[in-house]
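Read-outs: derived from the displayed coordinates by stated rules, not from any lab. All values reported here derive from a predicted model rather than from experimental measurement. We place every Cβ from the backbone using ideal geometry, glycine too, and count neighbours over all the protein chains shown.
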Amino acid sequence: MTLDQQKSILTIALLAAFADGNKDDAEREEIRRIAQSLAGDGGVADLPRIYQDVLLQRTSVQAAVQGLSDPMHRQLAYEMAVCVCDVDGRQTAAEREFLTRLKAALQLGDPQTAAFDQQADALVDVAEKAVPVVSAAAAPRAAAANVHSNAPDAELDKSILNYALLNGALELLPQSWASMAIIPLQVKMVYGIGKAHGVELDQGHIKEFIAAAGVGMTSQYLEQFGRKLMGGLLGKVAGRTLGGLGGAATGMAFSFATTYALGQVAKRYYAGGRVMSTAMLRETFQGLLTPAKQLQTQYLPQIQQKAAALDAGQIMALVRGK
């Protein structure tokens, strides 16, 4: 995949990120940081300018698709846009309208997109049902619950590690939608940690906690996607993936480390009675990222083994919790 093709696909992904118009200042800043980070890591040099062009509406879907003549690249651009729109839950009317325009601009028909759309929709359905809904009446009792953990630290650490290994493995899969499962699995992980400390929260509260730690839903997926694209893992031709493990290593380390650090922050947060400020949450999370990335190297064989055994049905079952 050429640099210009990468630019086109990244532009479409960023257009999808802002399609609903609901990104707050913190999320926009996080996406800007990602653009600078990817450029600084040897990726697309003018990605920060692409971000500005999208934010200031100086570019469009029609302009972006001009750089994509290969049918497989057009398919990939559409799949990435769907994932970006789906990653924080159900598509809004604005996102659906954006995807309809994008599909027309890419000259993709329903037969070319139906299978992927079904898989992505199914994952959203499963993710929404994965965490129990806490009623308004039960929430105050949950908040006042005993914060002492019902599970030993070693047991929670093992669970966090297992989630990190699984999310690292998802980065090695060729299916475009597979990375979408990373965030629902992080939500499940945080829910389990909270429950172990006597606190039951619904998806909304958990997503707020994850965002407070500095892990935005859309921004996290964009970073995962960007690193996979730059590393060559998403250079698909005729249904197969170009680039070996080396190309996926950065994305895998990112997802493993993000999940592991997030789990450790959640364990401290709930064990301490949920009194950490947003600034402290973010500082703690950032401080855990580097050692978590180093830890990933130690568990590389287990990550590869998990990736080799995963298929669509297993991913759905893992998100569902069965």
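Quick look at the values:
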| item | result |
| --- | --- |
| Point-to-point label distance, Thr2-Gln118, nm (Cα→Cβ direction, 7 Å offset) | 3.6 |
| Solvent-free Debye scattering, log10 I(q)/I(0), computed from the Cα coordinates of region 76-122 at q = 0.26, 0.30, 0.32, 0.33 Å⁻¹ | -1.04, -1.34, -1.44, -1.47 |
| Sorted peptide list for 167-174, 68-75, criterion being average Cβ within 10 angstrom, highest first | 167-174, 68-75 |
| Linear extension gain, Gln314 paired with Arg101, 0.36 nm per residue minus alpha-carbon span | 73.4 nm |
| Net charge contributed by nearby residues that have their C-beta within less than 11 Å of Gln112 (K/R +1, D/E -1) | -1 |
| Modelled FRET efficiency - R0 22 Å, Asp153 with Thr290, Cβ distances, 0.05 increments | 0.55 |
| Spin-label model distance (nm) - Arg32 vs Arg90, 7 Å beyond Cα toward Cβ | 3.3 |
| Sorted by Cβ density within 10 Å, fewest first, the residues Ser277, Ser37 | Ser277, Ser37 |
| For Phe225, net neighbour charge (Lys/Arg +1, Asp/Glu -1) across residues whose Cβ lies under 11 Å away | -1 |
